[in-house]
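The values are calculated or read from the model by the stated rules, or taken from the named source; none is laboratory data. All of these numbers come straight from a predicted model, not from anything done at the bench. Glycine gets a Cβ as well: all are built from the backbone with ideal geometry, and neighbour counts include every protein chain shown. Accessible surface areas use protein heavy atoms only, side chains included; no ligands, DNA or RNA. Shrake-Rupley method; radii C 1.70, N 1.55, O 1.52, S 1.80 Å.
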Amino acid sequence: LKKPNELFSLFSLQNEINEVPFFDIQLPYELALKIFQYLGKSELGRCAQVSRTWKVLAEDEVLWYRLCQQEGYLLDVSISDASCWKLALKNCRAREHTLKTNWKNRIGAVSQLQYELGKVLCDVHSCDGVVIAGYTSGEVRLWDTRTWDYTAPILEPVHGPGEAGPRPHVSFVRINSSLAVAAYEDGTISVWNLMFGREPIHHYQHNQRIQALALASEGATVATASGFEVKVESPNDRGFWQTAETFEIQKLVNFLNLVPDVMGSPVTVAAAEDIVYLLKAEDPGKILHSVYGQPVTCLDVSAHEAAFGVKTFGWLLNEPNQILLYNLETSQCLKKMGNAIGDFTCVNLRNSPPNMLVTGNKDRRVRVFDLRKSESLCSLYAHQLGVSVVQMDDWKIVSGGEEGLVCVWDQRMGTKLWEMHARHPVRHVWFNSHSLITANIPDEKTPRGASIMDDDFTTHRKHRGIIYAYEFSADQLAVESVLPICRSSYDEVTGYNYNIGLAVPYDNI
């Protein structure tokens, strides 16, 4: 045993054992492995110190592969893709700890998604790190922040034979893993396939201005609301796009969502003033909720539930401003949550952890609700002018306000970790484990005063809006992704520019 080669040969023989000693009996290796499957990481570590046979058993690849899968790591990897699953689990946990530390301490890189002079930001959406943005010039651009390659391509619109002059403004943009959709102020909708280049694959027209646009989280289904009509478009079995459903409703739509993970014909939830519709092919005019004098202020939909905020007037003192939770299968109200003075301005149900929901309110507070209870778990005093957008995961909350502030909170401690500020209201927030996308979109699309079409960078910067991309993964940081002012030192006097706030990291400043 003192020689290394003899020690190696001994352990190699232990892998071929057929029976494992369990106190005063001998068990087959397969049966002993089933017993060890009920143990956690610390128990397996203790068992590995009992004997050499138990050490081989406690470090079996099947056990550590199962532990890795149970903790949510490397779910799309088979057991033969790694040589040591114990080490793989250790590396995954260390990476997760590093990411959480970077999030809390604001360690990482931040970049601005730049665009050309003379274009004001109209709408932003993102999916898995891919960002789509629409501008007043009618342009639609894409960025893939996963590669830090910000040479954004422009998605080409559909031009008519006699079109001339400026293009209409972009009203809404949406994106999922395969499609990008843009709605313009003249009622035009263009659909692009992200794999087929920059030419649109589908195009259709509404007669009036579009009030709302929805894109399925997965698959190819687009829903639009214009006037008193809701239209659902999707490709047929042969791949040709067609109008799947058309619904006529009584009032103008304020919010529109497609229910995810629906088999068969698509299901749409539309909020029109004080009525919430559940639009199905077999029941086109079904009303999910309707109370006169209680307009809907926000809406979000998951696979089986819909959550929306209702506003009450002063003469309805018995019903405060609340968040209502409905079951989409039974059309029953499950919960009435919240008792706020202000209106609920945003709600996030789809991206929240199971049985959780996060909301923002005009009373400047972010509230987290447990759907198994009626009272809020925590209430955070967040923003001075009201909360405009919010998202959470199992430990943190990211909120955006009307005053342009983005705040990151520790949910369990109820404390603010850090914040960033820009000039315009925050209209979009998206994050995953290692990245964060925020968008500050101006309310005024045609600013008064100096013409932003002139070569006046100062005026343009004040009015254009801005998109930030943060990266907290240490192994994906790039020097080029850090703003030039953050790479400058005290000796350099050329790093300053108008309206550029200092951004992470601060190491060289």
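Assorted remarks:
- Annotation: residue 312 fulfils all but one of (1) at pLDDT 95 or above; (2) open to solvent by 10 Å² or more (accessible area, probe 1.4 Å); the unmet one is (1).
- For beta carbons closer than 7 Å, sequence separation of 6+ or different chains, a first residue in segment 396-422 that is outside any strand (DSSP E or B) and a second that is hydroxyl-bearing (Ser, Thr, Tyr), the qualifying pairs are 402/388.
- Filter result for residue 379 (within 24 Å of residue 103 (Cβ to Cβ) and either assigned to a strand (DSSP E or B) or among the hydrophobic types (A, V, I, L, M, F, W, C) (or both)): yes
- Entirely in segment 231-323, the strands (runs of 3 or more DSSP E) that have 1 or more residues that are over 28 Å from residue 388 (Cβ atoms) and among the basic types (Lys, Arg): 286-290
- Residue check, residue 212 within 27 Å of the chain's Cα centre (by Cα) and part of a strand (DSSP E or B): yes
- Residues of segment 423-437 satisfying the condition of being open to solvent by 10 Å² or more (accessible area, probe 1.4 Å), closer than 20 Å to residue 361 by Cα and part of a strand (DSSP E or B): 427, 428, 429, 430
- Residue in segment 2-18 that is on the phi > 0 side of the Ramachandran plot and at pLDDT below 85 present: no
- Some residue of segment 242-258 being touching a residue at least 12 places away in the same chain (Cβ under 8 Å), over 24 Å from residue 287 (Cα atoms) and within 23 Å of the chain's Cα centre (by Cα): no
- Subset of segment 182-206 that is modelled with pLDDT of 90 or more and in a loop (DSSP other than H, G, I, E, B) - its residue that is most open to solvent (accessible area, probe 1.4 Å): 185
- Filtered residues of segment 389-416 (kept if of a type in the set (Gly, Ala, Ser) and open to solvent by 20 Å² or more (accessible area, probe 1.4 Å)): 414
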